[in-house]
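Scroll down for the structure; my scribbles are underneath it.
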Amino acid sequence: MPPLAPHPETSREEVPPLPATEPEIVSVPEAGQRYDGGKDAWATLIGAWLVQFCTYGYVSAFGIYQDYYTKDFLSLHSPSAISWIGSVQLFLQYAPGLLVGHAFDAGYFHHVVALGTFLQIFSMFMLSLAHRNQYYQVFLAQGVGMGFGQSMLFIPSLTIIGHHFKARRALATGIAVSGASVGGVVWPILIHRLRLETSFANMIRLTGALSFVMLLVSNILMKTRTQPARLIGLGNLPKPKIGVVFSDAAYVVSVISAFCINLGIFFPYFYLQLFATNLGVDEARAFYCITVLNGGSALGRLLPSFLADRAGAYNMLLVSLSITCGLAFAMFGLKDFSGVIAFAMCYGFWSGAYVSLIPCLLAQLSISPREQGLVDHRGTEVL
């Protein structure tokens, strides 16, 4: 009896050999993994919340710095020049998005976040060494240094949520970014109290130490799901290209629209406290305007995000932006403290909804899993 011929589907000659080089690692969710729950998912969400508290939350408290710098620490400089410190800090939080996105897609999430943590804390302690009326020292430490550090923390902490949440991604993102609003409530109160009881330098050092502890915990808690690309079916997919991403009309229109919105939506976060004092509100009460504004933002980042999983992120964005636009014009009609507080609560709620929903919208427009980091970070770089 002649020997049986090997089945063509099981022939050894047709089995492709393993690559001699190290397989490509990409930062995408593993196949067959559980979404919307589990220990790693909730730990990552807590870590992202802490990052938002220490980055965007700290920037949201710049209204306190604006008032203090204008009246005391940088009193020789105009309010417009001082506002550039916070503006550049916020700009740099987004601007390096392309580089951060490529690093995220290449699987260097933890490296980027660790570097961002170091740069953020180092810059805070450099700010504590700044001298009175030395504008360039404050600008470099708070505007440039902290801005770059936060860029390596802020967006990666939002993008990593997509590794663990799918059906509830909008809600999970809303919970994470609510940390920024809570930070916007806590940081102004903490900074104000410390400034009354100690020097400016010691106040910065204490807040820097607190930020270091929370960012260290967040580095430990946040988890990625990375696999060799060939094992999860992505080995044959082309690598994401910027030209392909920006050929998507829906994505381009969304990014341009968000760019225009971001030009003006943060104006009250910087100037509301100073605006209240100009209306005759005493400083003891005007201080709480930023706190109320961020408190409203915390609520706005949760409820609309919960509804967005059902009604759609785009639909909720239209509602929130329409109301925010009307409130921006209503600000010019404010006459007293009660009106300012009512405005702060309403504006914080609806502008907070925008902040939590725009990352979800950009993520939905990614064409393939390998574009997730590039789409999220490239979009936020333009924002």
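Things to note:
- Selected residue (only one of LEU90, LEU76, LEU98 is surrounded by fewer than 19 Cβ atoms within 10 Å (Cβ to Cβ), touching a residue at least 40 places away in the same chain (Cβ under 8 Å) and under 16 Å from the mean Cα position of the chain (by Cα)): LEU98
- Yes/no for LEU321 being in a helix (DSSP H, G or I), under 24 Å from LEU171 (Cα atoms) and at pLDDT below 85: no
- Any hit, the stretch 295-310, residues being over 19 Å from the mean Cα position of the chain (by Cα), closer than 16 Å to SER60 by Cβ and in a helix (DSSP H, G or I): no
- Every residue from the stretch 56-90 that is of a type in the set (Gly, Ala, Ser), in a loop (DSSP other than H, G, I, E, B) and in contact with a Phe, Trp or Tyr (Cβ under 6 Å, 6 or more places away or on another chain): ALA61
- Some residue of the stretch 115-133 being among the small types (Gly, Ala, Ser), free of Cβ contacts under 8 Å to residues at least 24 places away in the same chain, part of a helix (DSSP H, G or I) and buried (at least 19 other Cβ atoms within 10 Å of the Cβ): no
- Taking first residues from the stretch 187-212 that are in contact (Cβ under 8 Å) with a residue 60 or more places away in the chain and partners that are outside any helix (DSSP H, G or I), the Cβ contacts under 6 Å between residues at least 6 apart in sequence or on separate chains come to TRP187/ALA61; PRO188/ALA61; HIS192/PHE287; ALA201/SER128; ILE204/SER128; ARG205/SER128.
- Restricting ALA180, ALA141, ALA172 to residues that are farther than 21 Å from PHE62 by Cβ and either modelled with pLDDT of 90 or more or small (Gly, Ala, Ser) (or both) narrows the list to ALA172.
- Out of VAL281, VAL340, sole residue that is touching a residue at least 12 places away in the same chain (Cβ under 8 Å), over 21 Å from the mean Cα position of the chain (by Cα) and in a loop (DSSP other than H, G, I, E, B): VAL281
- Some residue of the stretch 137-158 being among the polar types (S, T, N, Q), touching a Cys at 6+ places or on another chain (Cβ under 8 Å), buried (at least 22 other Cβ atoms within 10 Å of the Cβ) and in contact (Cβ under 8 Å) with a residue 24 or more places away in the chain: no
- Within this structure, GLY107 fails the test of being of a type in the set (Gly, Ala, Ser) and assigned to a helix (DSSP H, G or I).
- Matching residues in the stretch 297-326 - criterion: being under 16 Å from GLY348 (Cβ atoms), hydroxyl-bearing (Ser, Thr, Tyr) and surrounded by fewer than 18 Cβ atoms within 10 Å (Cβ to Cβ): none
Every residue, every condition in (1) crowded, with 19+ Cβ neighbours inside 10 Å; (2) modelled with pLDDT of 80 or more, yes or no:
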{"position": "MET222", "(1), (2)": "yes, yes"}
{"position": "PHE246", "(1), (2)": "no, no"}
{"position": "PHE259", "(1), (2)": "no, yes"}
{"position": "LEU279", "(1), (2)": "no, yes"}
{"position": "ALA284", "(1), (2)": "no, no"}
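The values are calculated or read from the model by the stated rules, or taken from the named source; none is laboratory data. Predicted model only: the values in this text are computed from it and were never measured. When we count neighbours, we look across all protein chains shown, and the Cβ atoms used for this are built from the backbone with ideal geometry, even at glycine.
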